[in-house]
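As structure tokens, the structure follows; a few thoughts come after it.
The values are calculated or read from the model by the stated rules, or taken from the named source; none is laboratory data. All of these numbers come straight from a predicted model, not from anything done at the bench. Don't worry about glycine lacking a Cβ; one is built from the backbone with ideal geometry, like all the others, and counts go over all protein chains shown. What goes into the accessible areas is simple: the full protein's heavy atoms, side chains included, and nothing from ligands, DNA or RNA. Shrake-Rupley method; radii C 1.70, N 1.55, O 1.52, S 1.80 Å.
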Amino acid sequence: MKLKDAEKKDAINAKIVDIVYEKGIAGVKMMDLACKVGVCPSTLYVYYKSKEDLILSIFTDLVSNHTEEFRSNLVLDIPFKLKLKKIWLQWLHFSVNNFKEMNFIQQVKQSPYMDKLPKEITEGKLQLSTDLIAEGKRQQLIKDVPNAVLFSLVESNLKQTTELILDKQLSLNEKDMDMMFTFLWDAIKR
């Protein structure tokens, strides 16, 4: 049995994120991946049992690491609007600086793989958002509408802001970010 090499696993993970960015999840072929990483196809199966295992493992790692980073940077004792803006900015910076990883996450979310993820992964990320929204509603600062509506507004604002920055129509500067956050705040505030 072959031993696992951390560098090789990182190379596999990075390459799969690139392939999904270029070709989508359907474009992932284990044989092509092996060639791009420079390993034998059988080597991939030392690290992952299948394509499904590969996709789910990388998604789980990305979401878990990202959620943990958010939790560790969350300041609890500041006003709600400022807390929301800090989280929004953190998510925006992550999205801009890791656009291929975000693309990977979004593609998995829209695929049948999403139903195969362990509940603790999807619920852990969702809980952070749910708690924040509940706080805003409790303080009567944001609209008392279904959370799905609020999540949709926040996610679409973040996605479009990211795209505008990546397309160089906006800059990741205080003026532009204040403007985009104000649009979001005006949409969700009471």
Which of [x] 29, 22, 15; [y] 35, 18, 14; [z] 23, 22, 16 gives semi-axes √(5λ) of the Cα gyration tensor in Å as computed here? It is [y]
Roughly how many Å² is the accessible area per residue of the chain, as a whole number, for a 1.4 Å probe? 58
Sorted by chain and then number, the residues having a modelled amide H within less than 5 Å of the amide H of Asn98, at least 5 places away or on another chain, are none
Ordering Ser129, Ser42 from largest to smallest accessible area (1.4 angstrom probe), what's the sequence? Ser42, Ser129
Residues whose modelled amide H sits under 5 Å from the amide H of Ile142, counting only those 5 or more places away in sequence or on another chain, are Lys137, Arg190
When the chain is fully extended, how far beyond the present Cα-Cα distance does Asn147 get from Met114, taking 0.36 nm per residue of separation? 9.9 nm
Report relative contact order for the chain in percent, whole number only (criteria: Cα-Cα under 8 Å, sequence separation at least 6). 21
At 0.36 nm per residue, and after removing the present C-alpha to C-alpha distance, how many nm does the segment from Asp10 to Trp185 gain when stretched out fully? 59.1 nm
Karplus (6.51, -1.76, 1.60) ³J(HN,Hα), θ = phi - 60°, over region 136-147, in Hz, Gly and Pro reported as x: x, 5, 4, 7, 6, 9, 10, 4, 8, 10, x, 4
Quick calc: nm separation of the 7 Å Cα→Cβ label points for Asn73 and Ser42 -> 4.4
Give me the percent of accessible area attributable to carbon and sulfur for the chain, probe 1.4 angstrom. 54
